[in-house]
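What follows is a single structure, written as structure tokens, with notes after it.
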Amino acid sequence: MEVNLFHAFFGRFAVLIPLLAFFFEISVAITQKSFINKFSSFLILFSSTLVIIAGFSGFQEFLYLSSINNDKMVFQIHYLLSSFITIGFIIIIPIRNYLLKKENEKLTIFYMIFLTVLVILNLFNNEYIIHTLRGN
């Protein structure tokens with residue numbers, strides 16, 4: 001039960017803070033201000049850390065459910081999307097660190113598209129698991 005609460009707590013923040021960081025990334029693209037760029041970098045790194053913690057705690061929860069032979073097929077889409085999102089945010093960390101130090105237009109475009117996809121998948125995954133747990 002403690003793992004479930006821990007995962008739920010970090011999972012909620014791992015959805016909201018990357019969304020906030022995404023909006024700050026858009027503001028960096030519009031304003032080109034160095035302070036906003038640094039703050040946005042901090043938010044991306046912080047939110048990536050939260051996503052990774054939520055992903056690993058979810059994996060611990062998956063192992064726990066496996067050990068008690070609980071039916072996990074209901075959450076299969078959540079597991080797949082969460083794995084992709086966690087790996088994606090692990091990839092985001094070095095890209096954002098590099099972009100903080102040097103400007104690279106092609107990498108920035110890839111980064112923004114990749115971040116957009118990850119944030120949308122993260123929101124979809126959150127909605128999916130909420131409706132699954134409610135039984136809808």
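The values are calculated or read from the model by the stated rules, or taken from the named source; none is laboratory data. Everything numeric in this text was worked out from a predicted model, so none of it was measured. Because the Cβ atoms are built from the backbone with ideal geometry, glycine has one as well, and the counts that use them run over all protein chains shown.
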Query raised in the report: Taking segment 109-123 as the search range and keeping residues that are in contact (Cβ under 8 Å) with a residue 40 or more places away in the chain and surrounded by 14 or more Cβ atoms within 10 Å (Cβ to Cβ), which one is farthest from F75 (Cα to Cα)?
Result: M112
Report task. Examine segment 70-90 for a residue that is of a type in the set (D, E) and surrounded by 15 or more Cβ atoms within 10 Å (Cβ to Cβ), and state whether such a residue exists. Result -> no
**Report entry** Residue identified as among the hydroxyl-bearing types (S, T, Y) and more than 24 Å from I129 (Cα to Cα) among S34, S67, S82, S48
**Finding:** S34
Requested in this report: Of the numbered conditions (1) out of contact with any His (no Cβ under 9 Å at 6 or more places or on another chain); (2) within 17 Å of F22 (Cβ to Cβ); (3) not β-branched (V, I, T), A54 fails exactly one; give the number of that condition.
Outcome: (1)
Query raised in the report: Among the residues of segment 92-108 satisfying the criterion of being among the basic types (K, R) and loosely packed, with under 14 Cβ neighbours inside 10 Å, which is modelled with the highest pLDDT?
Result: K106
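Could you look through segment 16-43, keep only residues that are in contact (Cβ under 8 Å) with a residue 24 or more places away in the chain and over 19 Å from the mean Cα position of the chain (by Cα), and pick out the one that is surrounded by the most Cβ atoms within 10 Å (Cβ to Cβ)?
N37
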